[in-house]
Amino acid sequence: MNSHSARTLAHNRCRGIFFLHGAGFASWVPHIPLVQEQLGLNHENLGLALLAAAIGVVAAMPLAARCSDLFGSNIVVKFSGLLFFPALVVPLFMASLPTLAIALFVMGFCAAMMDIAMNANGVSLERVRGKSILSGLHGFWSLGGFCGAGFATLWFALPLSKSVHLPVSAIILLAAHWYLQRGLLADHVKPAPKNNNITTKTNQPGDSAAPDGEVPLFWLLLPFGICAFIGQFGEGVITDWVTVLMIKTLDSTASIAAAGFALYSAAMAMTRLSGDWLVLRLGRAPVLIASCGLATTGYVMIALSPHYSVSWVGCFIAGTGLAVILPLLISAAAASTGKSGGTVVATIAATGYSALMAGPPFIGAVAEQYGLVNAFLLTSGFLSLIIPVYLTSMRQRLKTVRNS
């Protein structure tokens, strides 16, 4: 097999891995209320159990980055996937809140190990292929989520045992993972010398700024992390609150509200699948600015909508804007720093996951005091802050890697 065919195979296998991870997550979500009912948990106790999963995610990030850089992200994807898919089933058999929390911690830990490693493998593959591909990989994650949720919906609609759905899904996903992971790009990285500074110069001749070789990694990644936090904050808010807003302020039915979220999800998937093409044609900087503008506009439309049809349009526009922010930032950060994929992905993803966890409860507290409409307007203003962060600290570096 020639090198071009090998890279194409690795790219397709990486797409498949992203698809399986999204399908696995979506397969578990419909079982959350069933587990709650089975154990007789109130909302507070269920929230505590789900918090354990979030803690597992955060705990896994530094280890996933370190292992990906030491042993190769493909190896970490292989073993974390072998643990993640069986871990999806374990919470169904827990008999108490403490054991459920432990099971969810393990699930979150394994999911994050696989997540960081597959993104790191995507970064390495992007460098080998010499073009932007990370947005498309995230698009396949969205497609996997859609298919996983669709399969669960179909299963639950049939006269089949709901408790059997997740074990069957996990077996299918595990078998597919075992097949796909063997074709991933091997990207073992030798440990770099212990040095807190970046040694790769990314500034162009004539730049007045200090060379990146004199700047610690933390400061190089900080603006990318801030923008990732802002983007994921918006994603978390719309995921948890948009249906509530449509029902409370527009007297929409549950099905109408669900349709709005479905339009948001469809826009996310379509934009991510076309995001790499947009980056190659326009460059990362214009795509980031346009994404910020679309996300902000979508939020304003949702908040001030006089009719649910306008909210639907706002959901679609917001999904289009939010879709490529995170993969674009991961890709740009890796290209501009020259650092290993695991280190960059874990750093940017950590800020993103923090925002996903912090955004919904914060907006809930704001909504309690000032109303959901004002909470959504506040979020739209927060999303617009990506533009000044870009102008003050990212503009030159995004220009130098616009089409890499």
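What the table below lists for this structure:
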| read-out | value |
| --- | --- |
| Unique match (being in a helix (DSSP H, G or I), at pLDDT 90 or above and surrounded by 19 or more Cβ atoms within 10 Å (Cβ to Cβ)) among Leu100, Leu125, Leu83 | Leu100 |
| Extreme residue, modelled with the lowest pLDDT, among residues of the range 39-60 that are of a type outside the set (A, V, I, L, M, F, W, C) and closer than 27 Å to Asp115 by Cα | Gly47 |
| Residue in the range 196-217 that is surrounded by fewer than 21 Cβ atoms within 10 Å (Cβ to Cβ), out of contact with any Leu (no Cβ under 9 Å at 6 or more places or on another chain), over 30 Å from Met301 (Cβ atoms) and modelled with pLDDT of 75 or more present | no |
| Some residue of the range 108-121 being farther than 16 Å from Phe19 by Cβ, surrounded by fewer than 22 Cβ atoms within 10 Å (Cβ to Cβ), out of contact with any His (no Cβ under 9 Å at 6 or more places or on another chain) and touching a residue at least 12 places away in the same chain (Cβ under 8 Å) | no |
| The range 12-27, residues that are open to solvent by less than 10 Å² (accessible area, probe 1.4 Å) and closer than 13 Å to Leu185 by Cβ | Cys14, Ile17 |
| Sole residue being open to solvent by 20 Å² or more (accessible area, probe 1.4 Å), in contact (Cβ under 8 Å) with a residue 12 or more places away in the chain and within 21 Å of Phe93 (Cβ to Cβ), chosen from Leu34, Leu9 | Leu34 |
| Filtered residue count, the range 302-312, keeping only those that are within 14 Å of Thr243 (Cα to Cα) and assigned to a helix (DSSP H, G or I) | 7 |
| Elements of type helices (runs of 4 or more DSSP H) in the range 332-404, at least 1 residues being at pLDDT 70 or above, β-branched (Val, Ile, Thr) and out of contact with any Phe, Trp or Tyr (no Cβ under 9 Å at 6 or more places or on another chain) | 341-370, 372-383, 386-389 |
| Out of Ala65, Ala53, Ala49, sole residue that is open to solvent by less than 30 Å² (accessible area, probe 1.4 Å) and under 24 Å from Ile171 (Cα atoms) | Ala53 |
| Matching entry among Leu166, Leu180, Leu154, Leu173 (being over 23 Å from the mean Cα position of the chain (by Cα) and at negative phi) | Leu154 |
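Rundown of residues vs (1) crowded, with 23+ Cβ neighbours inside 10 Å; (2) modelled with pLDDT of 75 or more, yes/no style:
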| position | (1), (2) |
| --- | --- |
| Trp219 | no, no |
| Gln232 | yes, yes |
| Thr239 | no, no |
| Met270 | no, yes |
| Leu282 | no, yes |
| Gly293 | no, yes |
| Ala303 | no, yes |
| Ser309 | no, yes |
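The values are calculated or read from the model by the stated rules, or taken from the named source; none is laboratory data. It should be emphasised that the depicted structure is a prediction, and the values quoted were computed from it without experimental measurement. Backbone-built Cβ (ideal geometry, glycine too); neighbour counts: all protein chains shown. To get the accessible areas, we keep the full protein, side chains included, count just its heavy atoms, and leave off ligands, DNA and RNA. Shrake-Rupley method; radii C 1.70, N 1.55, O 1.52, S 1.80 Å.
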